[in-house]
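Encoded as structure tokens, the structure appears first; notes follow it.
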Amino acid sequence: MRYVLLSRDGVPYASATPGTLGGHSRGRLYGRLDCPSALRALSRGRYAERRVFFADETTAVAAGYRPCAVCLPREYARWRAGGERTAAPCPTHP
């Protein structure tokens, strides 16, 4: 069986092994495959259209995804404390 995962640069590739983390391309977030929030969204439909998978956390972060606050609260807190939520200054209005 072949699985489609996202690489560090966000490009899909075929893999013989499944991903360890799932994500959502619109929200640019990743989490555990058994995440309660993702499972609820999947049950409501349409979430699966933008579902992506990663081999590991390092790959998800490198592809520009953030951790899920529901299933990865420690990773999310670390991400949030790292200042990545801070908007970049506007180049035309410093």
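The values are calculated or read from the model by the stated rules, or taken from the named source; none is laboratory data. Keep in mind that this is a model prediction, so the values were computed, not measured. Neighbour counts run over all protein chains shown; Cβ positions are idealised from the backbone, glycine included. With ligands, DNA and RNA removed, areas are computed over all heavy atoms of the protein, side chains included. Shrake-Rupley method; radii C 1.70, N 1.55, O 1.52, S 1.80 Å.
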* Could you give the length gained on full extension between V4 and R28, defined as 0.36 nm per residue of separation minus the Cα-Cα distance, in nm? -> 6.9 nm
* Structure fact -> The answer for the net charge of residues other than R74 whose Cβ lies under 14 angstrom from its Cβ, with Lys and Arg +1 and Asp and Glu -1, is +2
* Amide H neighbours of A69 under 5 Å, at least 5 residues apart or on other chains, H built in the peptide plane: list them. => none
* Asked: Any idea of the accessible area per residue across the chain, 1.4 Å probe, to the nearest Å²?
  -> 68
* Asked: What's the carbon and sulfur percent of the chain's accessible surface, probe 1.4 angstrom, rounded to a whole number?
  -> 55
* **Local electrostatic count at S25 - Lys and Arg +1, Asp and Glu -1, tallied over other residues with Cβ under 12 Å** => +3
